[in-house]
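A.B. asks: Could you have a look at this structure, given as structure tokens, before my questions?
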There are 2 protein chains.
Amino acid sequence: MLAARPLPPDPDIARSGAVHTLVAELRAMIAAEGLVTGDSLPTERELSERFGMARNTVREAIGVLRAYGVIEVRPKVGAVLINRHLSAALDVFSFQLSISPETFADIQGFRQLVEVNLFDALAPHLTMADLARLEAQNAAMLAAPDVAACAAADYAFHHALVAIAGNATLRDVYRIMEPVILRLMETGKETRGRDMAHASHAAIIRALREGDRLAYQYFMADHLHQGLGFFTATTPEAAP
Amino acid sequence: MLAARPLPPDPDIARSGAVHTLVAELRAMIAAEGLVTGDSLPTERELSERFGMARNTVREAIGVLRAYGVIEVRPKVGAVLINRHLSAALDVFSFQLSISPETFADIQGFRQLVEVNLFDALAPHLTMADLARLEAQNAAMLAAPDVAACAAADYAFHHALVAIAGNATLRDVYRIMEPVILRLMETGKETRGRDMAHASHAAIIRALREGDRLAYQYFMADHLHQGLGFFTATTPEAAP
DNA sequence: ATCCCCATTCGTTGGACCAGAATATGGTTA
DNA sequence: TAACCATATTCTGGTCCAACGAATGGGGAT
């Protein structure tokens, strides 16, 4: 079962076959007919008839397009064009995202970079409803029955914070990091307890409510630094 | 509206159906059996028998995994695990037909958030060689023969900047966004010329060399704001 | 306008055939 | 006998076909 081959001499993905050609033809057809987001493709049977291929082959090609975030197929209505390429690409990227110490460090560093400096992107969109939701999520963290639920609530708080900024790319990036962040938070909860995180969140919310940029940055940096501290102690290699 | 949804983080994508569950099960199987790059999966017929699904369904799931860059299927050999999810993500994102103005603004906003605040993550790792390379790339942008090459050099500059921070995950995310950033830069070059970008880059490098955090933030924000400004000013209605 | 029924469409299944590659087989020769 | 090469066999993926179930949108009846 274990492959003994050194490495495939053909690094190229299969560029032949009916499915691949059909994907290319569909792409060309979309471009030729000027279809835009929201338009729908013909039915599978019609496509199979038009291109002279079996419906299973058409389905496989459509599956590729769906995995690529180009179309979204709804039963009875057909395949409609969507604009979710980046989300799909990030999904693909994160499919095998390993939960390793390096990834932990990367993502925690990314969170510091983003969340501490998020205030300016956040403030213009912030509403009272947002603040109420953040407080509800913070309360839910305290009421969580176990560590996993607590970590989930913690993640929900930060994800909601990021979502308020209204940047779909940033939200997608956070979404793909969710499993890693959850693991990170669970470990943190086990070592530090949840009260500290709750207090930090409350301070962050207060700073947001008062529009205090410096206070927000201070509390957020402090909050994230707590999470970073525990695990840098467990990673031997953090240099160059 | 805030009903306690247990698990669906993204209700957009279809998270049901035999194909999706099989993808998840295959993913779990790979993790459970500790399969690594080079190992091979059972045959389609064996999988269909083991999971009680038709071979066509198994094929669709395998097609998804192949589109995700997780496996590469060779005739007679079967599906072997590969480690190409990053390049697969690049393929996915390059596949897109048209880039919407929303995506442009979105990614530019993401870049602002990241790159403007990158200084603190950058400074500890910055070396003289890094500065020299940045200057070389900036010079290359000026010497580029055409707009595409100029945009490529521009992207190389920013990618190198992000890479210096030493965050591999962030660097990969930037690589995934490369096609869109390139398109963005090409359009910018056509309207604004390259001298302005070159001057901004030079100012950024100077700020880095002098360790001037505020100057770096100022010039980077200005630089990225130019790119955003042109685009928001010239957002035409998408091709109907 | 509302409700109900039906036709259409996707989702999935089971089976079939074909081309090609890996392997076993058998014959040939040193 | 043993090494070697050509052939036959046997998998495996790639494609196609026919069919059924479930869900849903639309059209007709009220």
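A.B. asks: Which one of these is assigned to a helix (DSSP H, G or I) and more than 7 Å from chain B (Cβ to nearest Cβ): A:SER98, A:SER87?
C.D. replies: A:SER87
A.B. asks: Let me ask you something else. Farther than 18 Å from B:ILE62 by Cα and over 26 Å from the mean Cα position of the chain (by Cα): which single residue out of A:ALA24, A:ALA121 fits that description?
C.D. replies: Of A:ALA24, A:ALA121, the one residue that is farther than 18 Å from B:ILE62 by Cα and over 26 Å from the mean Cα position of the chain (by Cα) is A:ALA24.
A.B. asks: Oh, and also: Just a yes or no: is a residue in the stretch A:169-183 β-branched (Val, Ile, Thr) and either more than 10 Å from chain B (Cβ to nearest Cβ) or more than 27 Å from B:PRO101 (Cα to Cα) (or both)?
C.D. replies: Taking every residue of the stretch A:169-183 in turn, at least one turns out to be β-branched (Val, Ile, Thr) and either more than 10 Å from chain B (Cβ to nearest Cβ) or more than 27 Å from B:PRO101 (Cα to Cα) (or both).
A.B. asks: Now for a different question. Name the residue, out of A:GLY63, A:GLY38, A:GLY109, A:GLY78, that is over 24 Å from B:GLU178 (Cβ atoms) and facing chain B (nearest Cβ under 7 Å).
C.D. replies: It is A:GLY63.
A.B. asks: When the stretch B:58-83 is examined, which residues are found to be more than 14 Å from B:ASP39 (Cα to Cα) and outside any helix (DSSP H, G or I)?
C.D. replies: If the condition is that a residue be more than 14 Å from B:ASP39 (Cα to Cα) and outside any helix (DSSP H, G or I), then B:TYR68, B:GLY69, B:PRO75, B:LYS76 are the ones that fit.
Residues checked against (1) more than 30 Å from B:THR169 (Cβ to Cβ); (2) of a type in the set (Val, Ile, Thr):
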position	(1), (2)
A:MET29	yes, no
A:LEU35	yes, no
A:PRO42	yes, no
A:ARG55	yes, no
A:TYR68	no, no
A:VAL80	yes, yes
A:ASN83	no, no
A:GLN96	no, no
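A.B. asks: May I pose another question? Looking at the stretch A:54-80 only, could you name the residues that are surrounded by fewer than 19 Cβ atoms within 10 Å (Cβ to Cβ) and either free of Cβ contacts under 8 Å to residues at least 12 places away in the same chain or away from DNA strand C (no atom under 13 Å from the Cβ) (or both)?
C.D. replies: Listed by number, the residues that qualify are A:ALA54, A:ARG55, A:ASN56, A:VAL73, A:ARG74, A:PRO75, A:LYS76.
A.B. asks: Within the stretch B:23-50, restricting attention to residues that are within 13 Å of DNA strand D (Cβ to nearest atom) and assigned to a loop (DSSP other than H, G, I, E, B), which residue is surrounded by the most Cβ atoms within 10 Å (Cβ to Cβ)?
C.D. replies: Going through the qualifying residues, I end up with B:LEU41.
A.B. asks: Oh, and also: Tell me which residues, restricted to the stretch B:112-168, are in a helix (DSSP H, G or I), at the interface with chain A (Cβ under 9 Å from one of its Cβ atoms) and in contact (Cβ under 8 Å) with a residue 24 or more places away in the chain.
C.D. replies: Answer for the stretch B:112-168, where residues must be in a helix (DSSP H, G or I), at the interface with chain A (Cβ under 9 Å from one of its Cβ atoms) and in contact (Cβ under 8 Å) with a residue 24 or more places away in the chain: B:GLN112, B:VAL114, B:VAL116, B:ASP120, B:ALA121, B:HIS125.
Rule-based calculations on the coordinates, nothing more; no lab input. All values derive from a computational prediction rather than experimental measurement. Virtual Cβ from ideal backbone geometry, glycine too; neighbours counted across all protein chains shown.
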